[in-house]
Amino acid sequence: MKVLLIANEACDFAEMLNSCPVNIDQMTIQEAARKDLSAYDSFCVLGEGKILDARIHSQLEKAAKDGKHVFLESASTFSCICSSEYSNTTRSRLIYVETEDSEKIPGLTMGDLLDDGSNYMLQSWTQLPGYRPILVYKHHIIAHTHLKASREEILKDSKCGLWMIGDNIMITAFRLRNFRKARFAPIKPWENLIKYIIRWITGEEPSYMPETDVKYGVSDDLSDDATFDNCRKESIRQGIQWLEQFLVDEGSGGIREGLSHKIDPNGVQNTLNNVRNDCSGEAAGAFRFYAALTGNAAYREISDHINDFILGPMQ
């Protein structure tokens, strides 16, 4: 098996793909456009939602007709696809669907919900003959990790997320390359899905899985009272330290709102720079309690600055 990965930069997905025990070459889009790609048995294209260079496009179309596997991330054009501009997926959720005659993905069940953060979705303007959905988008799903619904109910008014065309073309409408950095959730279902896609591309199991960027909790033995007390104090200290980065003039200008819930496909989380009374008041309380806990008067001073700001200029 000889696999070609076309990608302009390193990412979580590429690192996993390169951990497979097969012959994998990696090229940028510009490099691949200058090459004869006919020697490869399988293709993975992380194309950034752009229209592929026609020199690559035509070779991939031929490879697909020859039965070779072609995986395309966020493809705007391929086969019968011609896509619109990106739309944001913040208010949509991905739902796993399957049919009785399709291959099941281990660890996933019909109706499982997979969240892709604040991603970008491409949607085809045209119907997709031979289209077989794996993930679909639906708006305003009120459920936690699983939607109890029939396949027909799930597909009604849905949009493509991840799908097959025939048996050898797989396409995503969204960017999954940095699924770990972008904190796709829940973790285990996404791991199962990514492994499935990589096995489909390479025929082999990846030996590498990226570590999560964000972790909660500690590895210490919390059943020991002294250890628990130390961990509790350290948790509070880190929380206060995190809040301090958002202070405006050491609290004299209040505190910025903080992080947005939106995490883009590369894992960047936006900061909200507005100063609000509710956020400032909550922070003032936290700094006041921390001053009482530690005896550090500097935090009481920060709290006083914030309260003066709330009861002064913000009124």
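Each value in this text was obtained by applying a stated rule to the coordinates, not by laboratory testing. Bear in mind the structure is a predicted one, so any value in this text is a computation, not a measurement. Cβ sites come from the backbone with ideal geometry, for glycine too, and all protein chains shown count toward neighbours.
Taking packing as the residue-averaged number of other Cβ atoms within 10 angstrom, the listed peptides 51-57, 295-301, 189-195 run from highest to lowest as 189-195, 51-57, 295-301. Working from label points 7 Å from Cα in the Cα-to-Cβ sense, the His146 to Lys233 distance is 4.4 nm.
Measuring against 27 Å, Cα to Cα, the residue pairs Lys2/Lys104; Lys35/Lys188; Lys138/Lys181; Lys104/Lys156; Lys188/Lys262 contain Lys35/Lys188 as the ones spanning a longer distance.
Among residues other than Ile24 with Cβ under 12 Å from its Cβ, the summed charge is -3 (Lys and Arg +1, Asp and Glu -1).
Take every Cα pair under 8 Å whose residues are at least 6 apart in sequence, average their separation, divide by the length of region 151-308, and the relative contact order is 18 percent. For Met209 and Glu61, the difference between the fully extended length at 0.36 nm per residue and the C-alpha to C-alpha distance is 50.2 nm. Per-residue ellipticity at 222 nm from helix content only, as computed over the chain with -39500 (n - 2.57) for each DSSP H run of at least four residues, stands at -9500 deg cm²/dmol. Counting 0.36 nm for each residue step from Arg300 to Met314 and taking away their Cα separation leaves a gain of 3.0 nm. Over region 182-315, with a single point scatterer placed on each C-alpha, what log10 of the ratio I(q)/I(0) does the Debye formula yield at q = 0.10, 0.11, 0.14, 0.20 1/Å? Log10 of I(q)/I(0), two decimals: -0.53, -0.61, -0.82, -1.13. Projecting the Cα atoms of His57, Ser260, Leu4 onto the charge dipole of the chain (Cβ charges, centred on the Cα centre) puts His57 farthest toward the positive pole.
Considering only alpha-carbon pairs that sit under 8 angstrom and 6 or more positions apart, the relative contact order computed for region 175-257 is 17 percent. Would you mind calculating the relative contact order of the chain from Cα pairs under 8 angstrom and at least 6 residues apart, reporting the percent as a whole number? Once normalised by length, the contact order is 17 percent.
Within a straight-line Cα-Cα reach of under 20 Å, Lys65 can be paired with the following aspartates and glutamates, leaving aside sequence neighbours fewer than 8 residues apart in one chain: Asp36, Asp41, Asp53, Glu73, Asp167. Amide H contacts for Gly267 (H built 1.01 Å from N in the peptide plane; partners 5 or more residues away or on another chain; cut-off under 5 Å): Ala182. Relative to the dominant Cα principal axis of the chain, helix 277-294 is inclined by about 60°. Counting other Cβ atoms within 10 Å as a rough exposure proxy, the listed residues Val248, Val214 run Val214, Val248 from fewest neighbours to most.
For the chain, what is the percent of antiparallel DSSP beta bridges, rounded to the nearest 5? Looking only at bridges with both residues in the chain, the antiparallel portion is about 60 percent. Calculated from the alpha-carbon coordinates, the chain shows an Rg and a Dmax of 24.3, 73 Å respectively. Between amide H atoms placed 1.01 Å from N, distances below 5 Å from Lys262 occur with Asn270, all of them 5 or more places distant or on a separate chain.
Highest mean first, the peptides 102-110, 220-228 sorted by other C-beta atoms within 10 Å per residue fall in the order 102-110, 220-228.
Between amide H atoms placed 1.01 Å from N, distances below 5 Å from Val45 occur with Ile6, Phe71, Leu72, Glu73, all of them 5 or more places distant or on a separate chain.
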